[in-house]
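Nothing in this text is a laboratory measurement; each read-out follows from the coordinates by a stated rule. What you are looking at is a predicted structure, and each value in this text was computed from that prediction instead of being measured. Every residue, glycine among them, receives a Cβ derived from its backbone with ideal geometry; neighbour counts consider all protein chains shown.
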Amino acid sequence: MEINKPKTLEEIKKLRKPYFNSLLKHKDKLSGLDKLALWITVHVGSMGFFIVIFLWTLVWLGWNMLAPGNLRFDPYPAFVLWLFISNMIQLFLLPLIMIGQNVQSRFSDLRAEADFEINKQSEMEIETILSHLEYQTKLIELLTEEVAMLKKGK
């Protein structure tokens with residue numbers, strides 16, 4: 001019975017590709033506008049931003065409905081200025097959020113690629129461990145046969 005010796009740990013280490021931090025690689029490639037879009041996407045998509053907009057709306061509506069008539073700058077029922085400003089916010093934020101999501105998607109793809117590389121390396125190492133276990137099993141079988149033959153020879 002011939003036994004093929006498995007790869008050594010040193011041979012496996014030579015085959016291993018170095019790991020890389022996909023986040024650092026991704027951040028290095030971002031332009032200033034991409035970083036701005038990401039910052040806006042992260043901050044606008046938060047509960048803090050929602051609370052600020054909600055409170056601003058309540059103050060705006062409350063002031064223009066309850067303040068003395070001469071101090072109201074967008075009196076009830078018009079709210080034209082409020083509608084204009086809220087539409088401008090939406091018009092500016094929607095494309096910026098979409099740009100930020102695209103940038104995040106590119107990072108997600110990089111991270112998935114890095115995960116795939118790590119999984120391939122893990123699979124190779126698991127196969128090596130299994131081949132070592134198989135090698136040990138064959139050695140045990142050989143030793144068992146040798147012991148049995150020695151006992152018969154007595």
Quick one: what are the phi-derived ³J(HN,Hα) couplings along the range 142-152, Karplus 6.51/-1.76/1.60 with θ = phi - 60°, whole Hz, x for glycine and proline? 4, 4, 5, 4, 4, 5, 5, 5, 5, 5, 5
With runs of 4+ DSSP H residues as the only contributors, calculate the mean residue ellipticity of the chain at 222 nm using -39,500 (n - 2.57) per run, divided by the residue total and rounded to the nearest 500. -28000 deg cm²/dmol
Rg to Rh quotient for the range 9-153, alpha carbon positions, Kirkwood Rh: 1.48
Please list, or write none, the lysines whose alpha carbon is within less than 20 Å of the alpha carbon of K35, excluding same-chain residues fewer than 8 places away. K25, K27
Which order results if D74, D28, D115 are arranged by neighbouring Cβ count within 10 Å, fewest first? D28, D115, D74
Within straight cross-link reach of K120, meaning Cα distance under 19 Å, which lysines are found once same-chain residues fewer than 8 apart are removed? K7, K13, K14, K17
How high is the relative contact order of the chain, in percent, with contacts defined as C-alpha pairs under 8 Å that are six or more residues apart? 44
The chain: most fluctuating residue of M124, M88, M98 per GNM, C-alpha cutoff 10 Å: M88
On the formula 1/(1 + (r/R0)^6), with r taken between the Cβ atoms of I118 and S46 and R0 of 30 Å, the FRET efficiency rounded to 0.05 is 0.45
Could you sort the peptides 101-107, 134-140 by per-residue average Cβ neighbour count (10 Å cutoff), highest mean leading? 101-107, 134-140
Which lysines does K152 reach when only Cα atoms under 27 Å apart count, and residues fewer than 8 places away in its own chain are ignored? K138
